[in-house]
1. Out of all the residues in the range 76-123, which are crowded, with 19+ Cβ neighbours inside 10 Å, of a type in the set (Ser, Thr, Tyr) and touching a His at 6+ places or on another chain (Cβ under 8 Å)?
2. Which residues, taken from the range 302-325, are crowded, with 16+ Cβ neighbours inside 10 Å and in contact (Cβ under 8 Å) with a residue 60 or more places away in the chain?
3. Inside the range 381-497, counting only helices (runs of 4 or more DSSP H) that do not spill past its ends, which hold 1 or more residues that are touching a residue at least 60 places away in the same chain (Cβ under 8 Å), under 17 Å from residue 329 (Cβ atoms) and hydrophobic (A, V, I, L, M, F, W, C)?
4. Return the residues of the range 80-109 that are closer than 30 Å to residue 278 by Cα and either hydrophobic (A, V, I, L, M, F, W, C) or not assigned by TED's automatic domain parsing to the domain that holds residue 188 (or both); say none if nothing qualifies.
5. Output the qualifying pairs, or none if there are none: Cβ atoms under 8 angstrom, residues six or more apart or on different chains, first residue in the range 166-177 and surrounded by fewer than 20 Cβ atoms within 10 Å (Cβ to Cβ), second residue outside any helix (DSSP H, G or I).
6. Condition first: within 16 Å of ligand 3 (Cβ to nearest atom) and farther than 20 Å from residue 445 by Cα. Now tell me which residues in the range 338-357 satisfy that.
7. Let me spell it out: the conditions are (1) more than 16 Å from ligand 2 (Cβ to nearest atom); (2) in a helix (DSSP H, G or I); (3) closer than 30 Å to residue 346 by Cβ, and residue 296 meets all of them except one. Which number is the exception?
8. Which residue, of 29, 51, is among the hydroxyl-bearing types (Ser, Thr, Tyr), crowded, with 19+ Cβ neighbours inside 10 Å and within 16 Å of ligand 1 (Cβ to nearest atom)?
Amino acid sequence: MWSEDCLDRPFGPAWNPLYHLGGLGFFYYWVVAVSGIYVYIFFDTGLSEAYESVEYLTHDQWYLGGVMRSLHRYASDGMVVMMLLHMLREFALDRHRGSRWFTWVTGMPILWLVIICGITGYWLVWDMLAQYVAIGTTEWLDWLPIFGESIARNFLSPELLDDRFFTLMVFLHIAVPLILLLVLWIHLQRVTNPEYFPARGLALGSLLMLLVLSLIWPALSQAPADLARVPTELGIDWYYLAVYPLVDEWGAGTGWLVAFLGSLLLVVLPWLPPLRGGGAAVVNLENCNGCTRCAVDCPYAAIVMAPRSDGRPFEREAVVNTKLCVECGLCAGACPTATPFRRAKALAPGIDLADRPLAEVRRQVEAASAGLTGQRRVLLFGCDRSVPVEQLPLAEVAAVRLPCIGALPPSFIDYVLSRNLADGVFLSGCNSGDCHNRFGVHWTQERLAGTRDPHLRARVSRERIGQLWVSARERRRLQDAVQIFQDGLPTDPEDTPPPTREKAEEAL
Ligand code: HEM
Ligand code: SF4
Ligand code: SF4
């Protein structure tokens, strides 16, 4: 998206906040939790004491209690912003359909729980805004035929309201965030190595931003609640309370209908329309030695290692859960048996994609390179989610597309260069902070650098390998980079000295 490209320039892909929205959401959660514990120590749950205790924190203890209160509020707002952007982004990038439906659907209770946390929090301050929220919420709840008698009645006069209501609110305000944490844990059950914490610089920068905001614009209460008065002018927190003016306008029944239909629509989105699948990874036991690399590299926890079932002298074998598989092919890229050098007629690695097998990739590589001539022939590998490489108008460049660049075993690069199928190999794929399959680009970089198995053999000249990680819109950038790489290729292989280790690393 253009917004990501804009933020890539000042932040770089590693620190671009749009690539770390989930991690930032977690970070804000912890800031809210720590500041909330501090505020709770001084909070009094009495009807009149609640307001006073918050005022004490805000004014008498502004240097710590006031800052903590403000941090608590602004980090909560930040969490809502991160959550909504994260949700929008996963939707826009089509990371919610197919096997990913579970992570999307478990996001829905998160959405509601976060909003409930905010509402119960505003209630506790017991100022005019709290009064408006309390009456609005209870009237909204009263519309449902589940409560025997009206709960909004409690707010008709101060005599009807007692401290127990506050104790209940405090309980809810602590219990709901704990339930939220549990649901967040469930949310991430189908992704391996989720980002529980954003890049350190981003976390520190966000904390600093919240601190500065807390000092120059501290969170304040409104006038104390007075059930004898109807609040006329209120400063609403639009992150959490936007629904209240709408319900005032529409009425409770319409409010419930919109909330219900809106949630239902969001829940069924992964199936509108359903993702056409059927090409999940399949294990070929004959070639699986149980090394576990595919299970480690799978970004969606779709592979488990089970006890050997075919009597061969290996302890384990890979087993794919097709319901979890997103068909990215990273497992095939990780399998040590996935080498195009195999003489077997059909290249059949230990694990492969059912409808885009590596034997087909080898066939495409050979067919594409057969049409290349000259001394600067380039084989360009791309992926389904980044620039469509086959559409680049470049002379003496043949392109092969994979579902994800991480599906390419490094031995294919060796194969192309050592078999003289091309003079250079260029790898491209999604922006490095934002691989559609989470780790495709990252694993590829590590395999080329020799820090992850299977790694590219040292004998392969790094001068003949180029790489660029770009979004699908950066077609021109990729085209220029491939052109520059092609122009810089040494024309006589005899002139190319064997690379030193430093040079090889520099090239990566
Ligand atoms: C504050 C609330 C939330 C937090 C902290 C959070 C956190 C995360 C994290 C850390 C990831 C893994 C990202 C990665 O490491 O690649 C993730 C993935 C995901 N989240 Fe959330 N999430 C939240 C709310 C939501 C909501 C409300 C939705 C949508 C309804 C949602 C939908 C998704 C989806 C679809 C993925 C999977 C992306 C993929 O398959 O690559 N999340 N979330
Ligand atoms: S990477 Fe290949 S050999 Fe290793 S466990 Fe997976 S399928 Fe088997
Ligand atoms: S294709 Fe392989 S790596 Fe990708 S989700 Fe399926 S099993 Fe995991």
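The values are calculated or read from the model by the stated rules, or taken from the named source; none is laboratory data. Just so it is clear, the model here is predicted, and its values are computed rather than measured. All Cβ positions, even for glycine, are placed from backbone atoms using ideal geometry, and neighbour counts span all protein chains on display.
1. Across the range 76-123, the qualifying residues are 103, 120.
2. 302, 324, 325
3. Values: elements: 411-418, 440-449, 475-487.
Fully inside the range 381-497 and qualifying: 411-418, 440-449.
4. Matches in the range 80-109: 87, 88, 91, 92, 93, 101, 102, 104, 105, 108.
5. Filtered contacts from the range 166-177: 167/45; 170/43; 170/45.
6. 348, 349, 350, 351, 352, 353, 354, 355, 356, 357 - these are the residues of the range 338-357 that are within 16 Å of ligand 3 (Cβ to nearest atom) and farther than 20 Å from residue 445 by Cα.
7. So residue 296 meets the others, but not (1).
8. Result of the check over 29, 51: 29.
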